[in-house]
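A.B. asks: Take this structure first; my questions come after.
The values are calculated or read from the model by the stated rules, or taken from the named source; none is laboratory data. The model shown is predicted, which means the values in this text are computed figures rather than measured ones. Please note: Cβ atoms are built from the backbone with ideal geometry, for glycine as well, and neighbour counts cover all protein chains shown. Just the protein is used for accessible areas: all its heavy atoms, side chains included, with ligands, DNA and RNA removed. Shrake-Rupley method; radii C 1.70, N 1.55, O 1.52, S 1.80 Å.
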Amino acid sequence: MKKVLMHIFNDLRILFFTVIVLLLSCNTVVCQTNQNDTTVSELKKDTKRKKKKKKRKKKYKLPKIDLSHWKVTLPVTNDRGKPYEIEPPEILDFASNEIARPYMYIDSTKGAIVFHAMPTASKTKNTKYTRSELREQMVPGDNNVNWTFKDGAYMKGKLAMDEVTRDDEGKYHRVIIMQIHGRLTNEQRDLIGEDDNNAPPILKIYWDKGKVRVKTKVLKNINAVEPEILHEDAWGDDEGFNFEEEVGFRKFTLEVKVSDGKMVIGLNGNEYKVYENIHMKKWGVFENYFKAGNYFQTRDEGAYAKVRYYELEVSH
């Protein structure tokens, strides 16, 4: 009997130690699993944090525009009551100009310069409309050096209408987005007795209800010669031309190329309008300069427009 009890006791002792060992092993595995789960969880959290940081990190873009040969006219007056202008080299730092900031600023999320205009008291001579618009200066700071059609000229811009208001009939207000403006030399000015060098614009390109519209000048009397053709009233407006493509508020590209007696306007490299006639030939008497930006075409109260320029280049 004693021997039987001893065997049972030994068997129980062995079973007890076996259970203890198994329990300890399980605890170790559980601990290791918990540690592994914690590590994986922390890694996942770190990954999520990094992704959030990447999302928060904004990509800054800058417009591809060299302003060293442009001045800007803005829809605000200077201390003499004239339209506020910034010429080179100050225009290169326009982003830090507090007066310019509401009307010409960089949208770094889109990589564009925004030109913002609305009806104000800041009007240039011979117009009732306001502008936030660039004027080409072949020699920085000098308006007296310009080009003729015989010299040749090329301008290309990538742009988009950002915002524009509607009139009482629900139609979008018009905006001139590019121009070629004529200019009298000092000698021509004195010859016809004018008090300034202003000549008509041979080219106006409009954003007009989502389409690109082109207007040019025609000589009223095609037999006219100097000095008669130097007068502004010798020239009238043509009927205008609309490109077929509707650009709406999307980004689009405009090209303007002039040569002796010829002017070509292109939209997105797909459509072209060519002017090659007696009017272009006679226009060769004038000097010219390019303009680009936002020349707003209404005085409606509360109206405004914003035009984005991503790229702008000029060559001669």
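A.B. asks: Residues in the stretch 89-107: is at least one touching a Gly at 6+ places or on another chain (Cβ under 6 Å) and modelled with pLDDT of 95 or more? Steps first, please.
C.D. replies: To start, the set of residues in the stretch 89-107 that are touching a Gly at 6+ places or on another chain (Cβ under 6 Å) comprises none.
No, that holds for no residue.
A.B. asks: Say we look at the stretch 70-90 and pick out the residues that are of a type in the set (D, E, K, R) and assigned to a strand (DSSP E or B); which of these is surrounded by the most Cβ atoms within 10 Å (Cβ to Cβ)?
C.D. replies: At the first step, the residues of the stretch 70-90 found to be of a type in the set (D, E, K, R) are 71, 79-80, 82, 85, 87, 90.
So of that shortlist, the ones also assigned to a strand (DSSP E or B) come out as 71, 85.
Numbers: Lys71: 20, Glu85: 14.
Residue satisfying both the conditions and the ranking: Lys71.
A.B. asks: Then there is this: Checking the condition surrounded by fewer than 19 Cβ atoms within 10 Å (Cβ to Cβ) and either touching a residue at least 12 places away in the same chain (Cβ under 8 Å) or closer than 23 Å to Asp107 by Cβ (or both), which residue from Lys281, Lys291 passes?
C.D. replies: Details: Lys291 fails: surrounded by fewer than 19 Cβ atoms within 10 Å (Cβ to Cβ).
Being surrounded by fewer than 19 Cβ atoms within 10 Å (Cβ to Cβ) and either touching a residue at least 12 places away in the same chain (Cβ under 8 Å) or closer than 23 Å to Asp107 by Cβ (or both) holds for just one of Lys281, Lys291, which is Lys281.
A.B. asks: Of everything in the stretch 209-218, what is over 17 Å from His181 (Cβ atoms), part of a strand (DSSP E or B) and open to solvent by less than 20 Å² (accessible area, probe 1.4 Å)? Give them in sequence order. Working first, answer last.
C.D. replies: So the first thing to find is which residues in the stretch 209-218 are over 17 Å from His181 (Cβ atoms), and the list is 209-213.
From the residues that got through so far, the ones that are part of a strand (DSSP E or B) too are 211-213.
If the condition is that a residue be over 17 Å from His181 (Cβ atoms), part of a strand (DSSP E or B) and open to solvent by less than 20 Å² (accessible area, probe 1.4 Å), then Val212 is the only one that fits.
A.B. asks: Something else: Enumerate the strands (runs of 3 or more DSSP E) found wholly within the stretch 97-200, keeping only those where 3 or more residues are surrounded by 19 or more Cβ atoms within 10 Å (Cβ to Cβ). Give the steps one after another, and end with the answer.
C.D. replies: Values: elements: 104-107, 112-117, 131-136, 153-164, 175-183.
Hits in the stretch 97-200: 112-117, 131-136, 153-164, 175-183.
A.B. asks: Also, I was wondering about something else. Test Asp233 against the stated conditions and say whether it is part of a loop (DSSP other than H, G, I, E, B) and either open to solvent by 40 Å² or more (accessible area, probe 1.4 Å) or of a type in the set (Phe, Trp, Tyr) (or both).
C.D. replies: Values: part of a loop (DSSP other than H, G, I, E, B): no; either open to solvent by 40 Å² or more (accessible area, probe 1.4 Å) or of a type in the set (Phe, Trp, Tyr) (or both): yes.
Spelling it out, it is not the case that Asp233 is part of a loop (DSSP other than H, G, I, E, B) and either open to solvent by 40 Å² or more (accessible area, probe 1.4 Å) or of a type in the set (Phe, Trp, Tyr) (or both).
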